[in-house]
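Here is the structure we will look at.
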Ligand SMILES: [Ca+2]
Ligand SMILES: [Ca+2]
């Protein structure tokens, strides 16, 4: 009888423990972590592109209804007091408004590559965390012309990304001009733990000898990216440098989205940069703790396969391998370079 009572008690305790464990697993699985936000400083993005529209960042301070019942997104008011009126998806620093159309194609292509790394490589397990990756649209350049200069727009865009809490800034551009305001803005982003993934440039030269900015600023949050072809050889156009280029990734003949719902191929260190941003965003989306982003990303970079033939071309001796498709080379004509 006593033994029977013991087993009954034992079973009840076991049952309770199992319920607690199941509840914990369920809670863990359903927990929604904050999104990883990648600020794409570029020529704008086609935010209605079928492959991108689900991934565009939304400023929650500019959505919903205001006290007069108007939609905050279109009420011509700075509802969140960040200094920008109706900045729902980002900001156009080229013309200082909220119109984000991409008249070049470069920004939409870059956004698609980042998005592809995240959503085409999904392999979620119970250990994975439930984070989205969102793209903040920051337009700094337009082939039709801008009211603001390229560097000024870039600096303002970096400050916006820092203010609005992006974790990663993708900057698929650059030039020979060093700029103190730009360096300070990236340093401020670094103090907030924000990473800056920047293109090493497309002049086919050694940037250890003469810099390419922002890739070449000596700041710990910058990851500068050169380009490889599908055979894991340095692209002819890619800049390189044992101390100033951190990593190489496939940047040739990359297939991605283009404005008006189209798709196409472009090549450049711009594309390689987007591959790295996307891969890092994916890695961070699977982490529960986002403190010390630089440390986490260094661990991620150390995990990448080595290629000794390329060790004179970059600092970290690592290569990110991704799928590469199709043929064609379109170089982005950058005003800065
Ligand atoms: Ca605002
Ligand atoms: Ca508003």
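The values are calculated or read from the model by the stated rules, or taken from the named source; none is laboratory data. Here the structure is a predicted model, which is why all the values come from computation and not from measurement. Glycine also receives a Cβ, built like all others from the backbone with ideal geometry; neighbour counts cover every protein chain displayed.
To keep it simple, each residue is scored yes or no on (1) surrounded by fewer than 22 Cβ atoms within 10 Å (Cβ to Cβ); (2) in contact with a strand residue (DSSP E or B) (Cβ under 9 Å, 6 or more places away or on another chain); (3) free of Cβ contacts under 8 Å to residues at least 12 places away in the same chain.
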residue: 174; (1), (2), (3): no, yes, no
residue: 177; (1), (2), (3): yes, yes, no
residue: 187; (1), (2), (3): yes, no, no
residue: 193; (1), (2), (3): yes, no, no
residue: 196; (1), (2), (3): no, yes, no
residue: 202; (1), (2), (3): no, yes, no
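Tell me yes or no: at least one residue of the range 18-33 is under 24 Å from the mean Cα position of the chain (by Cα) and at pLDDT 70 or above. Steps first, please.
Within the range 18-33, the first condition is being under 24 Å from the mean Cα position of the chain (by Cα), and the residues that meet it are 31-33.
Now narrow it down to the ones that are at pLDDT 70 or above: 33.
Yes.
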Output for the range 46-78, where each listed residue is under 24 Å from residue 148 (Cβ atoms) and either more than 9 Å from ligand 2 (Cβ to nearest atom) or not in a helix (DSSP H, G or I) (or both): 46, 47, 56, 57, 59, 76, 77, 78
Qualifying residue in the range 32-51 (condition: exposed (fewer than 13 other Cβ atoms within 10 Å of the Cβ), assigned by TED's automatic domain parsing to the domain that holds residue 104, closer than 17 Å to residue 112 by Cα and more than 15 Å from ligand 1 (Cβ to nearest atom)): yes
Flag for residue 169 being in a strand (DSSP E or B), modelled with pLDDT of 95 or more and closer than 24 Å to residue 36 by Cβ: yes
Test: residue 81 is without any contact (Cβ under 8 Å) to a residue 24 or more places away in the chain, more than 12 Å from ligand 2 (Cβ to nearest atom) and in a loop (DSSP other than H, G, I, E, B): no
Given (1) within 13 Å of ligand 2 (Cβ to nearest atom); (2) touching a strand residue (DSSP E or B) at 6+ places or on another chain (Cβ under 8 Å); (3) not in a loop (DSSP other than H, G, I, E, B), number of the condition residue 107 does not satisfy: (1)
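Here is a list: 225, 276. Which entry is touching a residue at least 40 places away in the same chain (Cβ under 8 Å) and in a strand (DSSP E or B)?
Criteria check complete, one pass: 225.
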Matching residues, the range 67-94, being surrounded by fewer than 13 Cβ atoms within 10 Å (Cβ to Cβ) and within 13 Å of ligand 1 (Cβ to nearest atom): 74, 76, 81, 83
Within the range 95-118, considering residues that are more than 20 Å from the chain's Cα centre (by Cα) and away from ligand 1 (no atom under 14 Å from the Cβ), the one farthest from residue 265 (Cα to Cα): 95
